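The next block holds one structure in the form of structure tokens; read it before the comments.
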Amino acid sequence: MSKVRVLAGTRKGAFILESDGKREKWDVSGPHFAGWEMYHIKGSPADPNRLYASQTSGWFGQMIQRSDDGGKTWYQPGTPPGEPAAPGGMPKPASNKFVYDASPATGKPLTTHQWYDGTQHPWEFKRVWHFEPSLSDPDTVYAGVEDAALFRSSDGGQNWHELPGLRGHGTGPNWQPGAGGMCLHTIILDPKNPQRIYIAISAAGAFRSDDGGASWKPINKGLYSQYIPNPTAEVGHCVHHIAMNPSRPGVLFMQKHWHVMRSDDAGDNWTKVSGNLPTDFGFVIDVNSHEPETIYVVPIKSDSEHFVHEGKLRVYRSRTGGNEWEALTKGLPQKDCYVNVLRDAMAVDSLDKCGIYFGTTGGQVYASADAGDSWAPIVRDLPAVLSVEVQTLA
Amino acid sequence: MFMIRVALPFHLRNLAHVGSEVTLEIEGAVTQRSILDALEARYPMLQGAIRDHVTQQRRPFLRFFACEEDLTHQSPDAALPDVVASGKEPFLIIGAIAGG
């Protein structure tokens with residue numbers, strides 16, 4: 001029987017939630033890395049027991065954790081599992097060493113971006129927001145970091161190298177941090193075209209590479225952002241998240257700061273599909289794994305009030321690829337609820353019916369085993385949830 | 001050769017899989033730099049957690065104490081007190097008391 005494993009990153013540790021295919025009874029393990037901010041945990045599609053976790057702290061910086069047994073044990077890549085390295089016996093580890101590429105060989109080393117006050121500011125590494133493991137190689141993984149850049153490891157997370165073509169695109173001086181920092185938070189690998197990668201940055205926008213990450217183009221045509229001097233600028237848009245159904249990699253859905261958008265041409269053009277949503281501000285968006293025109297968002301009241309609208313936690317579902325939305329409320333609190341759902345905190349499994357999962361800043365992780373018709377909390381009282389990923393296991 | 005003691009904060013102990021205090025052998029002068037070099041060589045999972053990989057600058061929310069003194073802003077190459085070099089007193093790495 002199939003199983004599902006939900007990987008929840010929180011402000012104070014990581015939690016692993018496991019169930020059989022019925023998705024009714026859950027085993028909860030954790031906190032792993034108690035007390036640390038766990039920005040993201042994600043498993044390799046090529047080896048579900050291989051997990052990568054971003055462990056961060058304002059005191060101690062960035063750590064990379066890796067598990068080779070589905071989250072039972074963890075270690076920092078480059079150190080032996082569970083054991084400190086013998087003196088002088090190990091190569092110098094660099095799993096948490098993220099150094100921006102400033103070599104002349106990359107063409108245009110870029111050293112500044114726009115700061116909150118409009119001045120230019122040097123790039124400074126702060127943390128990893130998102131891991132995207134390769135679809136085919138467990139040892140290859142991409143990392144989206146703050147300040148925004150894309151890194152790749154091809155040795156299981158031991159060493160990281162920037163893909164400098166993204167920052168070298170030339171628009172960097174117009175990139176700027178959002179309230180949460182200038183983060184590269186979305187990485188999507190095209191399952192039908194290994195050379196195609198999508199990324200998104202707050203607040204720069206979406207970019208696409210068609211040559212494996214060597215060069216990039218902004219794909220923000222059709223976005224409209226009132227909070228930048230030129231609302232239709234090539235870059236500067238605060239894209240919150242992008243989702244894709246693997247069966248249709250050219251169709252993308254975006255939750256922008258305000259506005260829900262879709263593209264049917266791999267991001268070249270975007271159309272607003274907010275339709276009848278009560279508010280189209282939000283962070284998460286995802287696509288049903290079996291119905292590529294069925295999408296989910298959680299509307300948030302506004303950019304000034306980061307909690308759900310009217311005190312009601314409602315997932316909105318569109319079965320028409322946007323514009324026509326229905327509120328999904330069964331099992332979700334419908335009064336006095338003021339949580340947020342952050343950008344990487346929604347995921348879908350591939351069981352039938354599709355399971356939908358999301359975590360809140362109030363510490364709940366909710367699951368639906370019927371494509372959103374009804375919901376139940378897996379856990380209610382975790383620390384604020386930063387990210388949710390799910391693995392469907394054979 | 002000196003055998004010195006280093007007290008670690010909670011999260012660094014967990015990263016290194018050690019108790020609250022570790023002992024390290026130091027060859028040559030006992031300084032902040034030589035202690036941190038030896039600590040990171042013995043426990044490489046701490047690299048980057050106390051000082052930046054590239055700049056070697058101390059992380060801003062960490063401080064270094066010994067003998068009831070704050071040594072944080074002393075030169076990293078200044079000799080530490082004899083009682084630290086002899087192991088009588090530990091070198092303390094302290095995380096700032098702040099945050100939630």
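The values are calculated or read from the model by the stated rules, or taken from the named source; none is laboratory data. Just so it is clear, the structure is predicted and the values come from calculations on it, not from any experiment. When we count neighbours, we look across all protein chains shown, and the Cβ atoms used for this are built from the backbone with ideal geometry, even at glycine.
Taking the stretch B:42-100 on its own, how many of its residues are in contact with a Ser or Thr (Cβ under 7 Å, 6 or more places away or on another chain), aliphatic (A, V, I, L, M) and under 13 Å from B:Val30 (Cβ atoms)?
Of the residues in that region, 3 qualify.
Here's a check for you: in the stretch B:16-69, which residue that is of a type in the set (Asp, Glu) and free of Cβ contacts under 8 Å to residues at least 24 places away in the same chain is surrounded by the fewest Cβ atoms within 10 Å (Cβ to Cβ)?
Restricting to residues being of a type in the set (Asp, Glu) and free of Cβ contacts under 8 Å to residues at least 24 places away in the same chain, the top hit is B:Glu68.
Please pick out the residue among A:Ile41, A:Ile64 that is of a type in the set (A, V, I, L, M), under 20 Å from the mean Cα position of the chain (by Cα) and away from every other protein chain (no Cβ under 13 Å).
A:Ile41
Tell me which residues, restricted to the stretch A:187-237, are over 19 Å from A:Gly168 (Cβ atoms), of a type outside the set (A, V, I, L, M, F, W, C) and in a strand (DSSP E or B).
Once the filter is applied, which keeps residues that are over 19 Å from A:Gly168 (Cβ atoms), of a type outside the set (A, V, I, L, M, F, W, C) and in a strand (DSSP E or B), the stretch A:187-237 yields A:Ser202, A:His237.
Yes/no per residue for (1) at pLDDT 95 or above; (2) under 17 Å from A:Gly205 (Cα atoms); (3) outside any loop (DSSP other than H, G, I, E, B):
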| position | (1), (2), (3) |
| --- | --- |
| A:Tyr100 | no, no, no |
| A:Pro109 | no, no, no |
| A:Trp129 | yes, yes, yes |
| A:Pro138 | yes, no, no |
| A:Gly168 | no, yes, yes |
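Test A:Ile219 against the criterion of being within 20 Å of the chain's Cα centre (by Cα) and within 17 Å of A:Lys42 (Cβ to Cβ), and give yes or no.
So A:Ile219 does not fit the description; no.
If you take the residues of the stretch A:336-365 that are of a type outside the set (D, E, K, R), out of contact with any Cys (no Cβ under 8 Å at 6 or more places or on another chain) and outside any loop (DSSP other than H, G, I, E, B), which of them is surrounded by the most Cβ atoms within 10 Å (Cβ to Cβ)?
Per the stated criteria, the residue is A:Gly359.
Can you find a residue in the stretch B:41-53 that is within 11 Å of the chain's Cα centre (by Cα) and more than 11 Å from chain A (Cβ to nearest Cβ)?
no
Can you find, within the stretch B:4-15, the residue that is farthest from the other protein chains (Cβ to nearest Cβ) among those that are surrounded by fewer than 20 Cβ atoms within 10 Å (Cβ to Cβ) and either modelled with pLDDT under 95 or within 22 Å of A:Ser95 (Cβ to Cβ) (or both)?
Looking at residues that are surrounded by fewer than 20 Cβ atoms within 10 Å (Cβ to Cβ) and either modelled with pLDDT under 95 or within 22 Å of A:Ser95 (Cβ to Cβ) (or both), I get B:Arg13.
Of the numbered conditions (1) within 22 Å of the chain's Cα centre (by Cα); (2) under 20 Å from B:Thr55 (Cβ atoms), A:His121 fails exactly one; give the number of that condition.
Condition not satisfied by A:His121: (1).
Conditions: (1) under 21 Å from A:Asp20 (Cβ atoms); (2) out of contact with any Phe, Trp or Tyr (no Cβ under 9 Å at 6 or more places or on another chain); (3) touching a residue at least 60 places away in the same chain (Cβ under 8 Å). A:Glu291 meets all but one. Number of the miss?
Checking A:Glu291 against (1) under 21 Å from A:Asp20 (Cβ atoms); (2) out of contact with any Phe, Trp or Tyr (no Cβ under 9 Å at 6 or more places or on another chain); (3) touching a residue at least 60 places away in the same chain (Cβ under 8 Å), the one that fails is (1).
Can you tell which of A:Pro93, A:Pro77, A:Pro45, A:Pro31 is part of a loop (DSSP other than H, G, I, E, B) and modelled with pLDDT of 95 or more?
Only one candidate passes the filter, namely A:Pro45.
Please verify whether A:Asn230 is modelled with pLDDT under 95, out of contact with any helix residue (DSSP H, G or I) (no Cβ under 9 Å at 6 or more places or on another chain) and surrounded by fewer than 22 Cβ atoms within 10 Å (Cβ to Cβ), treating the condition exactly as stated.
Against the criterion (modelled with pLDDT under 95, out of contact with any helix residue (DSSP H, G or I) (no Cβ under 9 Å at 6 or more places or on another chain) and surrounded by fewer than 22 Cβ atoms within 10 Å (Cβ to Cβ)), A:Asn230 qualifies.
Looking only at the stretch A:246-272, filter to residues that are touching an Asp or Glu at 6+ places or on another chain (Cβ under 8 Å) and assigned to a loop (DSSP other than H, G, I, E, B); which one of those is surrounded by the fewest Cβ atoms within 10 Å (Cβ to Cβ)?
So, considering only residues that are touching an Asp or Glu at 6+ places or on another chain (Cβ under 8 Å) and assigned to a loop (DSSP other than H, G, I, E, B), the one surrounded by the fewest Cβ atoms within 10 Å (Cβ to Cβ) is A:Gly250.
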